[in-house]
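In what follows, a structure is listed as structure tokens, so that the remarks can point back to it.
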Amino acid sequence: MKDLPGVDVLFVNHAAQMGGAELSLLDHARHLGNSCSVLLFTDGPFLKELRQSGVNVSILGGAARVVALARTTGMLRGLRTAGTIATTAVAIARRMRSAKITYANSQKAAVLTALAALVARRPMVWHLHDIMTAPDFSAANRRVVIALTNRAAQLVIANSEATAAAYRAVGGRCPVTVIPNGIDPAPFEHVSRQDARASVAAEFGLSAAPVYGVFGRICGWKGQAVAITALAKSAEAHLLVVGGPLFGEEAQDATLRDLAARLGIADRVHFCGFRQDIARLMSAMDVVLHCSTEPEPFGRVIVEGMMAGVPVIATHGGGASEIIAGSGAGLLIAPGDPQALAEAIGSVMRDPALRADMAARGRAHARRDYALASVQRRVDVALAPWTSAHPIMAGHAAG
Ligand code: UDP
Ligand code: GLC
């Protein structure tokens, strides 16, 4: 394998689908440009997106077998493929030697990067995007990732206070800094809500009836079923289900379509698949719905709804509560409760003044606390102990 040129930051991410953690990495890698490179374990749309952005990205040959170990099977069972893991860790260790800091962006990446860091005696940070107490993480998996990163990682970047608390609760002992995701306001500023509504209405054959959107990958705990069930309680509203089954959740996609058909609302539920025009779609909504049935680690879609100037109704817990509580930009409801969701939608739709107030507060709140440029500065500062010679940091310190 050819060595990469020396860089400040080497990002390691196992997945090559476009999930929220990958979109967060994409923004950081674009920001760092030539002073970073990205290592993926497999090919996919994320690789293409990084390349199109001019980011130096490569695939770690052989590591795809590590990806194939489902999160729930337990990393201990995974360790039986010790040969693959050892080879992958050694390959990462070689790359780490030409980077000032290695930045693991997923749990599988953290396990392998931690092993590599111990071999190479090089520093690593772990950007933790998951609430590790969630039921879909096996205990064995947790023990392995925590034991290794406790020894190898210098810093954990958690995407919310809830993610940080869960990390500590499962035995994480590294220093933690909480940095939310940043969202670029620009795409939302270039869209008029009126134009977006007209073009989305034409695309999906919508009437003047209300339209709601649930955005995110198709997956059981993201709770699209709750939104579909709540929609059935209204006579005429439409729902856009925006997102694809990114991580092998095709069966859930079929289940949701069946649910809409069984409830007799298939003509009012529009499955859009994965879309690139999120700012336009969100701007066309009357309300953005976030329906996760487990605490959301962060929830980029909530901030994006606010950026679009649309009221957001989200479920209590995790990052969702941290983003919305006290903002006046939306409502928080109990998870997994279609009746509560339908009532919350009703209360927002009955009151145009409330909707306008939520929209204005959401725009201001999102731009003040989650604008991409200021969040990137916080990541730069977190990485400064290792990358302080970076010109961005020099500029920042001078400014
Ligand atoms: N997203 C997208 N296209 C889609 C659905 C979602 O680009 O069709 C984006 C969405 O705009 C957001 C991200 O995917 O930036 C999802 O991030 P979030 O933190 O909400 O959830 P995750 O999927 O990471 O758990
Ligand atoms: C993960 C989480 C999501 C978070 C994203 C970016 O995918 O599930 O809540 O917003 O990472 O940190």
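Points worth noting:
- Within a straight-line Cα-Cα reach of under 15 Å, Lys100 can be paired with the following aspartates and glutamates, leaving aside sequence neighbours fewer than 8 residues apart in one chain: Asp3, Asp8, Asp380.
- Annotation: extensible slack from Arg97 through Gln52 equals 13.6 nm (criterion: 0.36 nm per residue apart, minus Cα-Cα distance).
- One Cα centroid belongs to region 276-291, the other to region 97-160; the line between them spans 33 Å.
- GNM result for the chain, Cα springs below 10 Å: residue of Asp43, Asp277, Asp136 fluctuating most strongly: Asp277
- Rel. contact order, % - alpha carbon contacts under 8 angstrom, at least six apart, region 276-399: 22 percent
- Counting only DSSP H runs of at least 4 residues, each contributing -39500 (n - 2.57), and dividing by the residue count of the chain, the helix-based mean residue ellipticity at 222 nm comes to -14500 deg cm²/dmol.
- Euclidean distance between Cα centres, region 191-223 to region 308-362, Å: 17 Å
- Counting DSSP beta bridges with both ends in region 148-282, the antiparallel % (nearest 5): 10 percent
- Sparsely packed trypsin sites (Lys or Arg not before Pro) within region 76-126, loop by DSSP, other Cβ within 10 Å at most 16: Arg97, Arg121
- Where chymotrypsin sites (Phe, Trp or Tyr not before Pro) fall in DSSP loop in region 209-248, at most 16 other Cβ within 10 Å: Phe247
- A simple charge model with +1 on the Cβ of Lys and Arg, -1 on the Cβ of Asp and Glu and nothing else charged puts the dipole of the chain at about 1500 debye relative to its Cα centre.
- Ignoring aspartates and glutamates fewer than eight residues from Lys233 along the same chain, the ones with Cα atoms less than 19 angstrom from its Cα are Asp258, Asp267, Asp286, Asp337, Glu343, Asp351.
- Once C-alpha pairs closer than 8 Å and six or more residues apart are averaged by separation and normalised to the residue number of region 173-261, the relative contact order reads 27 percent.
- Other-chain or far-sequence residues with amide H under 5 Å of Val12's (modelled H): Leu39, Tyr103, Ala104, Asn105
- Degrees separating the helix 82-96 axis from the principal Cα axis of the chain, which is the longest one: 80 degrees
- Couplings 3J(HN,Hα) for region 366-373, derived from phi with the Karplus relation 6.51 cos²θ - 1.76 cosθ + 1.60 (θ = phi - 60°), are 5, 6, 6, 9, 10, 5, 3, 4 Hz, where x marks Gly and Pro.
- Note that region 302-313 has calculated 3J(HN,Hα) couplings of 5, 5, 5, x, 5, 4, 6, x, 10, x, 10, 10 Hz, one per residue in order, obtained from phi through the Karplus relation 6.51 cos²θ - 1.76 cosθ + 1.60 (θ = phi - 60°); glycine and proline are x.
- Straightening the chain between Asn34 and Ala254 buys 75.0 nm, computed as 0.36 nm per residue apart minus the Cα-Cα spacing.
- Cα shape, region 291-379, gyration tensor, a/c 1.5 rule: oblate
Laboratory data are not the source of any read-out in this text; all were calculated from the coordinates shown. Since the model is a prediction, treat every value here as computed from it, not as a measurement. Positions of Cβ are backbone-derived with ideal geometry, glycine not excepted, and every protein chain shown enters the neighbour counts.
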